[in-house]
1. Take the residues in region 171-192 that are aromatic (Phe, Trp, Tyr) and surrounded by fewer than 21 Cβ atoms within 10 Å (Cβ to Cβ); name whichever of them is nearest to Asp70 (Cα to Cα).
2. Does Leu64 count as touching a strand residue (DSSP E or B) at 6+ places or on another chain (Cβ under 8 Å), of a type outside the set (Val, Ile, Thr) and within 24 Å of Pro186 (Cα to Cα)?
3. Of all residues in region 150-189, which are touching a residue at least 24 places away in the same chain (Cβ under 8 Å), over 14 Å from the mean Cα position of the chain (by Cα) and not in a loop (DSSP other than H, G, I, E, B)?
4. In region 108-142, what count of residues is obtained for those that are in contact (Cβ under 8 Å) with a residue 40 or more places away in the chain and touching a Lys or Arg at 6+ places or on another chain (Cβ under 6 Å)?
5. Restrict the check to region 141-149 and report whether at least one residue is within 29 Å of Glu197 (Cβ to Cβ) and in a loop (DSSP other than H, G, I, E, B).
6. How many residues, within region 160-180, are touching a Phe, Trp or Tyr at 6+ places or on another chain (Cβ under 7 Å) and closer than 21 Å to Asp116 by Cα?
7. Considering Ile162, Ile100, which residue is more than 23 Å from Pro46 (Cβ to Cβ), at pLDDT below 95 and among the aliphatic types (A, V, I, L, M)?
8. Could you please find all residues in region 116-140 being closer than 21 Å to Ile68 by Cα, of a type in the set (A, V, I, L, M) and not in a helix (DSSP H, G or I)?
Amino acid sequence: MFMHKNVAMHNRSARTVTRALFCLGMMICILLAPGVARAEANIVHPQVPDLELVNQDGERGRLLSDFIGDKLVAVTLTFTSCQTICPVLDSIFLEVQSKIPAHAEKGIELLSISIDPATDIPPRLRAHAEEIGAQPGWTFLTGEQGKVNRILKALEVYTPDIANHPPAIFVVDGRRGVWVRLYGFPSADLVKATLLEFQAARAASE
């Protein structure tokens, strides 16, 4: 009994250390990544198809109708085996979560869509979410390759070589159908500010 307790404590400590090292490494990546300071934003009008995807818990739903709905959502495109820009994007979302701790209550959520759905099946996405320390309110999506490609093309981020996919974060007001694209590696403060601006615009129109 005592031995099992020690093993459990060791495993928890190891996960904590792993997450701390991940965050430290990603902060270094952000500081060194080219184009971080050049992140730009503009309103876009993508004709995104409302296709069925599946989240890290195996729950199915349509991208626009169910996973975005009428919420305020920050969306990024990543894949779990990526060792270049995707960890940087993950770290930005982790910081956004730390800056908006009550995001779920405010109707603000984060969404990561895998561009490598053949590899990133739900259990792999769930393990990735746990490994990096993603909190509730951050959903990871995957689906059939053809459907994912259609979404990527609508967002103008599709590339045949996923290793060279462009970094971008989209901020969406699902209720008003407004999309803003943040190019490059936007700061967590910029993502947060865009979400809160959308929130303020909603309040002003009510």
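The values are calculated or read from the model by the stated rules, or taken from the named source; none is laboratory data. Since the structure is predicted, the reported quantities are computational estimates derived from the model, not experimental observations. Positions of Cβ are generated from backbone atoms using ideal geometry, with glycine treated the same way; all protein chains shown enter the neighbour counts.
1. Filtering region 171-192 for residues aromatic (Phe, Trp, Tyr) gives 179, 183, 185.
From what's left, surrounded by fewer than 21 Cβ atoms within 10 Å (Cβ to Cβ): 179, 183.
Working: Trp179: 13, Tyr183: 24 Å.
Checked region 171-192; the qualifying residue nearest to Asp70 (Cα to Cα) is Trp179.
2. Numbers: touching a strand residue (DSSP E or B) at 6+ places or on another chain (Cβ under 8 Å): no; of a type outside the set (Val, Ile, Thr): yes; within 24 Å of Pro186 (Cα to Cα): yes.
No: the conditions fail for Leu64.
3. Selection gives Arg150, Ile151, Leu152, Ala154, Ile162, Ala163, Asp173, Val178, Trp179, Val180, Tyr183, Asp189.
4. 1
5. no
6. Of the residues in that region, 4 qualify.
7. Working: Ile162 fails: more than 23 Å from Pro46 (Cβ to Cβ).
Result: Ile100 is the single residue among Ile162, Ile100 that is more than 23 Å from Pro46 (Cβ to Cβ), at pLDDT below 95 and among the aliphatic types (A, V, I, L, M).
8. Ile121, Ala134
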